[in-house]
1. Give me the extension gain from Ser337 to Val156: residue separation times 0.36 nm, minus the current Cα-Cα distance, reported in nm with one decimal.
2. Calculate the dipole size of the chain relative to its Cα centre from +1 charges on Lys and Arg beta carbons and -1 charges on Asp and Glu beta carbons; express the result in debye to the nearest 20.
3. Would you mind telling me the share, in percent, of accessible area of the chain contributed by carbon and sulfur at probe 1.4 angstrom?
4. Taking the C-alpha atoms of segment 43-89, how large are the radius of gyration and the largest Cα-Cα span, Dmax, in Å?
5. Taking the Cα centre of segment 145-302 as origin, sum charge times position over the Cβ atoms of Lys and Arg (+1) and Asp and Glu (-1), and report the length of that vector in debye to the nearest 20.
6. Taking a 28 Å limit on the Cα-Cα distance, which of the listed pairs Lys136/Lys317; Lys50/Lys157; Lys317/Lys351 fall beyond it?
7. Over its Cα atoms, what ratio of radius of gyration to 2.2 N^0.38 Å does the chain give?
8. Given the DSSP H assignment, sum -39500 (n - 2.57) over each helix run of at least 4 residues in the chain and divide by its residue total; what's the result at 222 nm in deg cm²/dmol, nearest 500?
Amino acid sequence: MRYRFLQLIILVLIFLTSCSPKDADKISDPQPQSIQGQILVWHSFEGKIKEMMQESLKDYMRIYPNVRIVSEYIPTDQLDQQFRTQVKRGLGPDFLFTASGVIPSLVQDNLIPVIQDFDFSGYLPTAISHVRYQGKIYGIPTSVMTQTLCYNKKKVKLPPKTLTELLEQAKTGYSVGIWSNFVGTFWGVQVFGGKSFDAQGNFVFDQKSWAKWMEWLKIAQNEPNMVFSDGIEDLEQGFINNRLAYVFCDSSQFPEYSQVLGKDNLGVALLPGEGNNPAGPLIYSRVILFNRTSSPQQQQLALKLAEFFTNPEQTRKRLSLLEGSFIPADNNVHVNSRLFPREAILVQQSKTAIAIPLDQVESARFWAKTGNSLYPQVLGGSITPEDAAAQITGTVNQK
């Protein structure tokens, strides 16, 4: 199963408990020595991403011929539970590719170690906020991703910059696919003046702005060419089969769309804003985690592999293979915007995106759960946006 935006955000939001984290072992950067042994890697990658990962692992084994790496595919919806089950038995992988949202609950269950003596100095603050939990770092970020507006260049010459322009284009015949759920459309709250953090840096739900955004969506859904769907697969097929001129997309979808439509036919633009207010999509990170029950030698061996996988040269290779579909977590990787124009758009979009720190994911979990249940009721007219927003705020405040 491919890494989808919803799957990853769900991982960010739901795997939490109310327990206090236990003390975890720490990983230190391995000292120079003869590198040898076997590493078990778990992942949920498919397609180009899987091919990219396998090439990196082969590169590592060519450099260190005494190291054998065994990679195993685990479906995304099974990865977290299988990791938990196996680690509690003293088994499981030494090296795990996953989404950062699972970190809090894994720490609380004492299943992953603290990482120390690893150079994070050049990493993006956003990426670090996705691996730091209660003052300690538990993972190594590999990439940062978010939403943009994808369009078919055969159908569109100039993408809209504002919501007003988007609606005008829809009225003139341009079809627009919108993934209609609370999390997938959260980017529009900021367009209506919403603030996601208070003066103390705590995540907040902007009740009035969300209500205004929902009013706009209710109007937009009545336009014949505005296609609302809570199924991402339906929108993908519509875009791939040339039935949609636009689709609101996650950057992980760039390679697939480019392959099907043709590299020169996939356009990527910033999400539409309005006036001086830009869109504010959620931003997330892919990360590498380690197994607390692995021996110190195995943990050091896995850390050495992580250093290699995240080095600038390997990151540039992935950018090329995956066509600029992510932002490197390490800021030391210089990206040529002429070679990677889509990645340049992604970087620009990330500047107005919303990164929820791990320490505040639990509160975000509550507004997301409530918002997802109320969202279709608002669009269906059974509850007003104002009443729905009040219920979400009440839930968050209560929790």
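The values are calculated or read from the model by the stated rules, or taken from the named source; none is laboratory data. The shown structure was predicted, so the numbers you read here are calculated from the model rather than taken from an experiment. Please note: Cβ atoms are built from the backbone with ideal geometry, for glycine as well, and neighbour counts cover all protein chains shown. Ligands, DNA and RNA are stripped out before the accessible areas are found, and what is left, the full protein with its side chains, is counted by its heavy atoms. Shrake-Rupley method; radii C 1.70, N 1.55, O 1.52, S 1.80 Å.
1. 63.0 nm
2. 400 debye
3. Its accessible area is 48 percent carbon and sulfur atoms.
4. So, for segment 43-89, Rg and Dmax equal 13.0, 34 Å respectively.
5. 280 debye
6. Values: Lys136/Lys317 30 Å; Lys50/Lys157 34 Å; Lys317/Lys351 24 Å.
Over 28 Å Cα-Cα: Lys136/Lys317; Lys50/Lys157.
7. Relative to the 2.2 N^0.38 Å estimate, the chain comes out at 1.00.
8. On the way: 14 runs with 159 residues, N = 399.
So the calculated ellipticity at 222 nm is -12000 deg cm²/dmol.
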